[in-house]
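Some notes on the structure that comes next.
No lab work stands behind these numbers, since they all come straight from the coordinates. Note that this is a predicted model, so its numbers are computed, not measured. Reconstructed Cβ throughout: ideal geometry from the backbone, glycine too, with neighbour counts over all protein chains shown.
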């Protein structure tokens, strides 16, 4: 289940505070085990980013803003690689080792963003699978409050992401075919439910060009997802750090 740690690393790349222009560096992440009998994951990957007035690239996420970057209202078109896969052989659980593999996919969507220095930033997103892997959708709302000085920035955030039943079945469900084939495993078909999350991101400018980033995130799966027989836990903490050179 290596996707857990890798996803945390991608989260670091896609949600770290933006550095204007091109940036190049390295990022590392930690994520605990979520699926049954899987180890925690530590991942180190390169960080490549670009932040322009309209176009941005943050690791494996790209987007285009209709209006300029600091506009109070904006529509943002997004593309992202979703690395969440299930490799059954990564688990020590004899039942999990027999379930079907879940494949990674690509996501596409659109966000509405409202930013105000007095109250913070609100972002609403709807996106879905564009590669035909599961045809699932999700809708997400995030409220964040950037706290800025000349050298550093902290951004606490709170949000909720609602997954469609197709997405939840792809990641957390058990098909009838799997249940018929595997002793001790019952069919599980979750409805549309999601996850609540809290986050804290930070940026510190060591010099004009060298920038450090860090973040922590707490996630809690809710509703039907709490009953998934694939999961060890339904809440988790992940963390990431990075160091980049901004051109």
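Structure data summary
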{"item": "Gap separating the Cα centres of the stretch 118-189 and the stretch 26-104, nearest whole Å", "result": "11 Å"}
{"item": "Percent breakdown of C-alpha pair distances by 10 Å bin, ordered from the shortest bin, for the chain", "result": "7, 29, 37, 18, 7, 1, 0"}
{"item": "From the C-alpha gyration tensor of the stretch 105-247, square roots of 5λ in Å", "result": "36, 17, 15"}
{"item": "Theoretical ellipticity at 222 nm over the chain - DSSP helices of four or more residues, -39500 (n - 2.57) apiece, nearest 500", "result": "-3000 deg cm²/dmol"}
{"item": "Per-residue Cβ neighbour rank within 10 angstrom, fewest leading, 224, 191, 129, 82", "result": "191, 224, 129, 82"}
